[in-house]
1. Among the residues in the stretch 50-73, are any under 15 Å from MET1 (Cβ atoms) and outside any helix (DSSP H, G or I)?
2. Confirm whether LYS29 is outside any helix (DSSP H, G or I), farther than 20 Å from GLU96 by Cβ and at pLDDT below 95.
3. Considering only the stretch 75-104, state which residues are over 11 Å from the mean Cα position of the chain (by Cα), surrounded by 10 or more Cβ atoms within 10 Å (Cβ to Cβ) and outside any loop (DSSP other than H, G, I, E, B).
4. Between ILE37, ILE45, ILE17, ILE10, which is surrounded by 14 or more Cβ atoms within 10 Å (Cβ to Cβ), touching a residue at least 60 places away in the same chain (Cβ under 8 Å) and either in a loop (DSSP other than H, G, I, E, B) or under 14 Å from the mean Cα position of the chain (by Cα) (or both)?
5. Taking the residues in the stretch 32-55 that are among the polar types (S, T, N, Q) and modelled with pLDDT under 95 as candidates, determine which candidate is nearest to MET88 (Cα to Cα).
6. How about the stretch 48-74: which of its residues are out of contact with any helix residue (DSSP H, G or I) (no Cβ under 7 Å at 6 or more places or on another chain), buried (at least 16 other Cβ atoms within 10 Å of the Cβ) and touching a residue at least 24 places away in the same chain (Cβ under 8 Å)?
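The values are calculated or read from the model by the stated rules, or taken from the named source; none is laboratory data. As the structure is a computational prediction, the values presented were derived from the model and not from experiment. Every residue, glycine as well, gets a Cβ built from its backbone with ideal geometry; the counts of neighbours run over all protein chains shown.
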Amino acid sequence: MEKVIAHSTICGYDHEIEALKEGSVFVLKIKTNCEKIKKMDGMRIPQRSLFDIKDNPVMAAAQELQCSANCIVPCAVLNACWLEAGMMAKSLVEKEGPLTIEFV
């Protein structure tokens, strides 16, 4: 199981996201105070859908829940799944540290 934490500083929420691979599907566990993102807890994501941003169940769920277009949670969910699938090296993310957007 891989865990990531998304710090949504703009909206003030922190989201703890865990992705567990069960066969060819990832099951999400999400702890958050955001009422919209709470509804993604328990979501099941087929591994084959991780490669397409357009036809992606995570992006579709965020859209259905009317998340803001700048919500970082869908990206964090996909990164957790990629880590769990071994499609991104844990040693790389530990070395490089968190993803950030810097406002200048």
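1. Taking the stretch 50-73 and keeping what is under 15 Å from MET1 (Cβ atoms), we get none.
No: zero hits.
2. Spelling it out, it is not the case that LYS29 is outside any helix (DSSP H, G or I), farther than 20 Å from GLU96 by Cβ and at pLDDT below 95.
3. Within the stretch 75-104, GLU84, ALA85, LYS90, VAL93 qualify.
4. That would be ILE17, the only listed residue that is surrounded by 14 or more Cβ atoms within 10 Å (Cβ to Cβ), touching a residue at least 60 places away in the same chain (Cβ under 8 Å) and either in a loop (DSSP other than H, G, I, E, B) or under 14 Å from the mean Cα position of the chain (by Cα) (or both).
5. GLN47
6. Matches in the stretch 48-74: ILE72 only.
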